[in-house]
Amino acid sequence: MVLIDFYERFPDEQACWNHFLSLRWPNGFICPSCSATKGCFKPSRKLFECYSCKHQASLTSGTLFHKTRIPLSKWFWFIFFMATSKKGVSMLYLQEQLRISTYRTVWSMGHKIRQGMIVRDALYDLHGLVEADEIFIGGKQTLAERRKSGNSKTPFFMAVQENDHGGPEFVTFEEIEGVYETQILPAIEKHIKKGSKIISDGEGSYVKSKEQGYDHDRYIESQDPEMAHEKRVYADSCGLILAFLGNGGRNAATIFSLR
Ligand SMILES: [Zn+2]
């Protein structure tokens, strides 16, 4: 994506907001507190309110942009510059170009984004303990189109390599045509080194990976909701970056470092 494409796609704050909305809640609002799907939007405060539990959530709460005071459009530009500059971009330059008041702010923005990207090295295989799953990200339609068609989200194979402390270290995504064995098994072979231990929900394709030289263990539905939430946030922010890079193309794998 070059600068003019970016500008045409995200000309103002509203466009960025709509885009992030479609990534975060592709099928409409889901209450972060009770998971109910009915709510309303309060334009004056830019908050969503859940009809069931009255919880109020902003579009950004619990995401990479949690509690930010920086407009989304500046974040989008920031990510664009970081994602597209080949030699890396200086924080001072971004501070100046995006008129961000303090260096501290610009530094912390960079830090957060870096946590969600880097290492676009398709040669790197995940190894050791790897949690694998399918996730559904945004899709290429607008929110309105998606609501009309009902079907829409794009399936991705996602694998997360854990570090020594059980935290996520690297994550890889690949767009897949569907979530059946014929798509999942090749994705496993492509991204995960043989001999690794795959943790999954125990769905057939993953169990079958045992026949391909992997060790497999069933993932017990997370007893730690915070961990599950954290994974969701990673997926959201990585999904956003993917969307930016236009990297939804099949076979175009991207690895993000979560360190
Ligand atoms: Zn609720």
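Select from the range 203-225 the residues that are surrounded by 13 or more Cβ atoms within 10 Å (Cβ to Cβ) and small (Gly, Ala, Ser) and write down the one among them that is modelled with the highest pLDDT.
Ser209
If we only count helices (runs of 4 or more DSSP H) wholly inside the range 79-169, which ones have 2 or more residues that are more than 16 Å from the chain's Cα centre (by Cα) and at pLDDT 70 or above? Steps first, please.
On the way: elements: 91-97, 103-116, 143-149.
Answer list for the range 79-169: 91-97, 103-116.
When you go through Ser22, Ser35, Ser85, Ser52 one by one, which is the residue that is without any contact (Cβ under 8 Å) to a residue 12 or more places away in the chain and either under 28 Å from Trp107 (Cα atoms) or in contact with a Gly (Cβ under 9 Å, 6 or more places away or on another chain) (or both)? Spell out the reasoning first.
Numbers: Ser22 fails: without any contact (Cβ under 8 Å) to a residue 12 or more places away in the chain; Ser35 fails: either under 28 Å from Trp107 (Cα atoms) or in contact with a Gly (Cβ under 9 Å, 6 or more places away or on another chain) (or both); Ser52 fails: without any contact (Cβ under 8 Å) to a residue 12 or more places away in the chain.
Within the list Ser22, Ser35, Ser85, Ser52, the selection yields Ser85.
Could you check, for the range 84-96, whether at least one of its residues is in the same structural domain as Trp17 (by TED's automatic domain parsing), within 16 Å of the ligand (Cβ to nearest atom) and not small (Gly, Ala, Ser)? Before the answer, list the steps.
In the first step, residues of the range 84-96 are kept if they are in the same structural domain as Trp17 (by TED's automatic domain parsing); the result is 84-96.
From the residues that got through so far, the ones that are within 16 Å of the ligand (Cβ to nearest atom) too are none.
Taking every residue of the range 84-96 in turn, none turns out to be in the same structural domain as Trp17 (by TED's automatic domain parsing), within 16 Å of the ligand (Cβ to nearest atom) and not small (Gly, Ala, Ser).
Out of the range 25-64, which residues are among the polar types (S, T, N, Q) and near the ligand (Cβ under 10 Å from one of its atoms)? Steps first, please.
If we filter the range 25-64 for residues that are among the polar types (S, T, N, Q), which is where we start, we get 27, 33, 35, 37, 44, 52, 56, 58, 60-61, 63.
Ser33, Ser35, Thr37, Ser52, Gln56 - these are the residues of the range 25-64 that are among the polar types (S, T, N, Q) and near the ligand (Cβ under 10 Å from one of its atoms).
The values are calculated or read from the model by the stated rules, or taken from the named source; none is laboratory data. Every value quoted in this text rests on a predicted model; they were computed, and no experiment measured them. Ideal geometry is used to build each Cβ from the backbone, glycine not excepted, and the neighbour counts take in all protein chains shown.
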